[in-house]
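Peer 1: If you scroll down you'll find the structure; I have some questions about it.
The values are calculated or read from the model by the stated rules, or taken from the named source; none is laboratory data. Please read these numbers as outputs of a predicted model, since none were measured by experiment. Positions of Cβ are generated from backbone atoms using ideal geometry, with glycine treated the same way; all protein chains shown enter the neighbour counts.
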Amino acid sequence: MLSILVTGAKGQLGSEIFFLADQYPFLNFIFVDKNLLDISDRQVVDDFFKEYEVDVIINCAAYTAVDKAESDQVMAKKVNHLAVKNLIDASSKQKIPFIHISTDYVFDGKGFKPYATDDPKDPQNVYGKTKMQGEDALFQSGLDNLMLIRTSWVYSSFGNNFVKTMLRLGAERESIGVIDDQVGSPTYARDLARFILESIPRINWEGVKTFHFTNEGVCSWFDFAKAIMDIKGLNCKVNPIPTENYPTPAKRPHYSVLDKRDTREFYRQEIPYWRDSLEKCLELL
Ligand SMILES: NC(=O)C1=CN([C@@H]2O[C@H](COP(=O)(O)OP(=O)(O)OC[C@H]3O[C@@H](n4cnc5c(N)ncnc54)[C@H](OP(=O)(O)O)[C@@H]3O)[C@@H](O)[C@H]2O)C=CC1
Ligand SMILES: Cc1cn([C@H]2C[C@H](O)[C@@H](COP(=O)(O)OP(=O)(O)O[C@H]3O[C@@H](C)C(=O)[C@@H](O)[C@H]3O)O2)c(=O)[nH]c1=O
């Protein structure tokens, strides 16, 4: 039976993998949160791999506070870049296949067509830069059993995310302004978790495989917020606003749709449309 190590197991994606784990009885999971395996501590990581036998690593651990990262660069880099190196260094001795998750925020957001997996990266904020450095650490490792999955706008009934923020604001306020000139694809973490788990027995671990996985369809944050209020029957009016009317410490991409052609071909399962998955998640909230 394959032993699958899931780091950052208490986050959105880690929690969804935990939720689905029972459906994969041929996989043996080792779920570890920050307290059990702080991936930014090299010694802890080295010791862990000496003690446990691991066949595949799914690295769900990350520093995801996009605005906070602007003033907390050291910590963001430690988790999103240096810790990825720790995992690679510790696992490469045993050639353990490595699944790593990255973000649409590695792209500049100035494009008008979906970003291909090999398009040039030019992140516009600290979070995106540190995630790109994490990706680069994978590419530079020389390892040939890597799966890099970029995703975007992730939400879940677990953890904190835009959907939960909208539900809170929707209950508190009569109206809110939400940016309508930043466009992307929401991703239900459960759909992403399923994609990852379905990939494990099927992937041919030769070379570095980069996939883009999001829900199908494209929307703005405004469209996303409006759908959340509509589905939940909240009376809060959502007003579309331009980026400059909602100043934030971190700059965000205007367009960050990811090209999923390779993913569709590899996965051969239907990727749910974003609003359908949103409805499913909202049934739990
Ligand atoms: N959320 C999103 O919208 C998107 C996420 N992604 C990527 O997807 C992946 C999963 O994201 P998601 O589940 O949403 O993220 P979460 O922030 O929900 O989860 C990340 C988890 O990592 C943990 N963590 C932080 N530092 C460490 C550390 N040093 N050692 C071990 N664990 C640590 C966090 O713990 P604690 O909370 O205690 O710090 C948290 O439990 C990440 O790589 C992220 O960059 C990509 C695109 C969009
Ligand atoms: C709360 C709120 C946000 N916004 C805008 C700000 C921002 O442009 C957008 C989303 O805000 P958030 O801060 O929730 O989302 P943000 O943290 O930028 O989400 C990102 O997280 C990282 C981890 C990723 O990798 C990305 O793919 C993406 O999901 O919505 C409004 O316009 N009005 C509001 O009331």
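Rundown of residues vs (1) away from ligand 1 (no atom under 13 Å from the Cβ); (2) surrounded by fewer than 20 Cβ atoms within 10 Å (Cβ to Cβ); (3) acidic (Asp, Glu); (4) modelled with pLDDT of 95 or more, yes/no style:
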residue: Asp136; (1), (2), (3), (4): yes, yes, yes, yes
residue: Leu143; (1), (2), (3), (4): yes, yes, no, no
residue: Ser156; (1), (2), (3), (4): no, no, no, yes
residue: Lys164; (1), (2), (3), (4): no, yes, no, yes
residue: Arg173; (1), (2), (3), (4): yes, yes, no, yes
residue: Ile196; (1), (2), (3), (4): no, no, no, yes
residue: Arg202; (1), (2), (3), (4): yes, yes, no, no
residue: Asn215; (1), (2), (3), (4): no, no, no, yes
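Peer 1: How many residues does region 94-124 contain that are hydrophobic (A, V, I, L, M, F, W, C) and part of a loop (DSSP other than H, G, I, E, B)?
Peer 2: 4
Peer 1: From Ser141, Ser157, which residue is away from ligand 2 (no atom under 12 Å from the Cβ) and more than 23 Å from Ile57 (Cα to Cα)?
Peer 2: The conditions single out Ser157.
Peer 1: Pick from Ile99, Ile88: which is in contact (Cβ under 8 Å) with a residue 12 or more places away in the chain and over 27 Å from Val218 (Cα atoms)?
Peer 2: Working: Ile99 fails: over 27 Å from Val218 (Cα atoms).
None of the others qualify; the one that does is Ile88.
Peer 1: Something else: What are the pairs, 6+ residues apart or on separate chains, where a residue within region 233-249 that is closer than 26 Å to Glu70 by Cα has its Cβ under 6 Å from a residue that is assigned to a loop (DSSP other than H, G, I, E, B) and away from ligand 1 (no atom under 16 Å from the Cβ)?
Peer 2: Within 6 Å, the pairs are Pro240/Asp180; Pro242/Asp181; Thr243/Asp181.
Peer 1: Within region 269-285, is even one residue assigned to a strand (DSSP E or B), over 15 Å from Gln182 (Cα atoms) and within 19 Å of the chain's Cα centre (by Cα)?
Peer 2: Yes - at least one qualifying residue is present in region 269-285.
Peer 1: Then there's this: Give Thr214, Thr210, Thr187 a once-over and let me know the one that is in contact with a strand residue (DSSP E or B) (Cβ under 7 Å, 6 or more places away or on another chain), under 11 Å from Arg275 (Cα atoms) and among the hydroxyl-bearing types (Ser, Thr, Tyr).
Peer 2: Among Thr214, Thr210, Thr187, only Thr187 is in contact with a strand residue (DSSP E or B) (Cβ under 7 Å, 6 or more places away or on another chain), under 11 Å from Arg275 (Cα atoms) and among the hydroxyl-bearing types (Ser, Thr, Tyr).
Peer 1: With the condition kept exactly as written, say whether any residue in region 127-137 is more than 14 Å from ligand 2 (Cβ to nearest atom) and over 16 Å from the mean Cα position of the chain (by Cα).
Peer 2: yes
Peer 1: Quick check on Asp191: is it away from ligand 2 (no atom under 11 Å from the Cβ), modelled with pLDDT of 95 or more, under 26 Å from Met75 (Cα atoms) and among the acidic types (Asp, Glu)?
Peer 2: Considered against the rule, which asks whether it is away from ligand 2 (no atom under 11 Å from the Cβ), modelled with pLDDT of 95 or more, under 26 Å from Met75 (Cα atoms) and among the acidic types (Asp, Glu), Asp191 comes out as no.
Peer 1: Which residue is farthest from ligand 2 (Cβ to nearest atom), if the candidates are limited to region 59-85 and must be β-branched (Val, Ile, Thr) and free of Cβ contacts under 8 Å to residues at least 60 places away in the same chain?
Peer 2: Residue satisfying both the conditions and the ranking: Val74.
Peer 1: Taking only region 26-45 into account, find how many residues are more than 8 Å from ligand 1 (Cβ to nearest atom) and modelled with pLDDT of 95 or more.
Peer 2: So the answer is 11.
Peer 1: If you don't mind, another one. For region 46-64, how many residues meet the condition of being hydrophobic (A, V, I, L, M, F, W, C) and more than 8 Å from ligand 1 (Cβ to nearest atom)?
Peer 2: Total meeting the criteria: 6.
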